[in-house]
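What follows is calculated from the coordinates using simple rules that are stated; it is not laboratory data. Please read all numbers here as calculations on a predicted model, not as lab measurements. Don't worry about glycine lacking a Cβ; one is built from the backbone with ideal geometry, like all the others, and counts go over all protein chains shown.
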Amino acid sequence: MTAFGKLIRTTAFRLTLVYLFLFALFAASLLGYFAWNTRRLITEQITTTTNAETGEINEIYLRRGLQGLFRTIGNRALRPGANLYLLTNPTGTALAGNVGSLAPGVMTTTGWSETAYRRLDENDNADHRALVRVTELPNGFRLLIGRDLEERRRLFGIVAKAAQWSILVVVVLGIGGGIFVARRVLRRIDAMTGTTRRIMAGDLSGRLPVGRSGDELDRLAENLNAMLERIETLMMGLKEVSDNIAHDLKTPLTRLRNRAEEALARSGSEAEYRGALERTIEESDGLIRTFNALLMIARAESGQARGNMTDFDAAEVASGIHELYEPLAEDSGVILRVKTGPAPLHGNRELISQALANLVENAIKYGTPVPAAQPLGADAVASADAKEILKQILIEARRDGGQVLMSVTDRGPGIPEADRKHAVERFVRLETSRTQPGSGLGLSLASAVATLHGGELRLGDAHPGLSATLAFPAPAAVSERLAAQMPDVPQKVA
């Protein structure tokens with residue numbers, strides 16, 4: 001297809017032609033109405049003048065008779081730019097006036113008519129048009145008074161010619177403007193098309209060009225770029241997951257296979273076989289937990305879990321997690337506490353509960369303070385109180401302005417600020433956590449759940465220890481509705 005063919009097929013050019021047609025039709029209608037109204041006004045002026053003069057000449061005839069009528073018509077017919085006058089006797093013979101010829105039958109009918117005529121003082125044979133009134137006088141005489149329509153025709157011609165030129169200018173400017181707009185739009189569309197072709201070829205880093213006008217094409221490009229950014233992020237995440245699975249799951253699978261081979265190679269007792277099978281099952285359960293965590297992260301990042309969102313109180317979730325993990329915390333030698341206040345929230349309760357549970361599990365595993373030298377004497381009592389505080393893990397759920405915050409604070413070694421961004425990635429385990437069992441997916445899942453709900457996972461310093469906070473937006477409508485259903489409850493600390 002040629003460049004001109006593409007140009008005239010654009011929507012912008014076609015819309016320009018439609019608007020051009022409508023504007024030209026409106027302009028033609030407006031000029032036509034102006035011309036018609038001008039013609040009507042001139043005709044009314046002629047009829048008013050003619051009626052007045054007819055009445056005046058009738059008065060003269062009644063007062064001065066036929067001789068006075070002849071003299072009046074003769075004098076008025078000689079004036080420059082005079083009206084048309086013609087007086088005939090009952091037999092139709094012309095007695096006075098400046099009209100040389102008329103269309104047949106004009107003088108036989110009284111009233112108004114538009115007719116062709118010639119003046120007596122004109123040498124050319126061209127016919128002119130006039131609007132005349134024929135009146136019957138006493139004794140059968142007939143009087144014609146009229147006005148030439150050349151002025152009306154000339155004015156109408158001026159308006160018609162102005163309309164023609166105006167429409168021509170409008171058409172030329174409209175087509176030129178349409179071509180300019182269509183070329184500009186087509187140039188931007190071609191640029192977008194080139195970018196989309198690069199993207200279809202596999203280059204997900206390509207982005208649609210965005211101008212500075214802020215028009216609908218810029219808004220479309222911005223939304224498409226946001227979509228491409230999201231697609232690229234998901235694709236990179238998929239690649240990372242594939243790489244991480246291939247790398248991080250290779251070791252447990254190899255260990256699983258080696259244990260199975262070792263059990264087969266050794267001709268041990270039934271107890272040894274049972275122990276090998278139990279270790280195999282334990283390793284398999286760990287792999288299943290890893291895959292389940294990956295599936296939950298995928299659900300959260302793809303937005304599939306949005307269909308199960310309900311209204312609930314985050315304080316109930318925090319209390320439930322505290323009750324669930326309190327025995328495990330006691331076995332690990334730490335004290336698990338909870339502090340809650342009414343915190344209405346709208347979201348996927350299952351995922352939010354799992355995200356908070358991951359933070360609590362991490363705090364129990366890695367939040368134990370580093371052992372220090374044992375003090376003596378009075379310092380031992382103060383040290384015991386300090387140790388009691390350092391062994392505490394605090395779960396909080398509260399409303400803070402326009403956000404609902406669910407946090408877990410421990411007194412362990414924490415995470416260095418330089419490693420916090422890296423810590424939320426999949427299968428990432430810092431050096432201090434290498435000796436503990438785990439898959440490195442806990443913080444990654446918590447971050448994905450927070451992002452799904454329009455929030456974020458914040459990792460901060462608790463001086464000492466780590467404060468991991470899930471920050472969710474609290475919609476006003478949801479908050480007001482849930483707050484109306486709940487009694488005023490003071491903060492609960494356990």
For residue 474, list long-range residues whose amide hydrogen, built 1.01 Å from N in the peptide plane, is under 5 Å from its own amide hydrogen. 403, 404
May I ask you to evaluate 6.51 cos²θ - 1.76 cosθ + 1.60, the Karplus curve with θ = phi - 60°, for each residue of the range 78-92 and list the ³J(HN,Hα) values in order in whole Hz, giving x for glycine and proline? 8, 5, x, x, 5, 5, 8, 9, 7, 10, 10, 8, x, 8, x
Given the Cα-Cα distance of residue 183 and residue 94 and 0.36 nm per residue of separation, how much length would full extension add, in nm? 24.8 nm
Principal semi-axes in Å for the range 66-133 [√(5λ), Cα gyration tensor, largest first]: 18, 16, 11
Would you list which aspartates and glutamates come within 20 Å of residue 391, measuring only between C-alpha atoms, while excluding same-chain residues fewer than 8 positions from it? 323, 326, 330, 331, 361, 379, 410, 461
With a ≥ b ≥ c the root eigenvalues of the C-alpha gyration tensor of the range 256-297, is it rounded (a/c under 1.5), prolate (a/b larger than b/c) or oblate? prolate
Assuming R0 = 25 Å, can you tell me the calculated FRET efficiency for the pair residue 60 and residue 125, based on Cβ-Cβ distance, to the nearest 0.05? 0.15
Net charge near residue 356, counting Lys/Arg +1 and Asp/Glu -1 over other residues with Cβ under 12 Å of its Cβ? -3
Report, by chain and number, residues whose modeled amide H sits under 5 Å from the one on residue 133, excluding near sequence neighbours (fewer than 5 apart, same chain). 145, 146
Could you work out how much longer the chain between residue 309 and residue 361 gets when fully extended? Use 0.36 nm per residue separation minus the Cα distance between them, nm to one decimal. 16.3 nm
Each label point is 7 Å from the Cα along the Cα-to-Cβ direction; what then is the distance between the points at residue 330 and residue 25, in nm? 8.6
The pairs in 250/365; 339/421; 239/421 lying past 22 Å Cα-Cα in this model are 250/365; 339/421
Alpha-carbon centroids, the range 324-341 and the range 89-125: separation in whole Å: 122
Hey, what do the phi angles of the range 149-163 turn into as Karplus ³J(HN,Hα) couplings, whole Hz, using 6.51/-1.76/1.60 and θ = phi - 60°, x for Gly and Pro? 9, 5, 4, 5, 5, 5, 5, 5, x, 4, 5, 5, 5, 4, 5
I want the local charge near residue 147. Using Cβ-Cβ distances under 14 Å, sum +1 for each Lys or Arg and -1 for each Asp or Glu among the other residues. +3
Check which residues have an amide H placed less than 5 Å from residue 335's amide H, if you skip close sequence neighbours. 392, 393
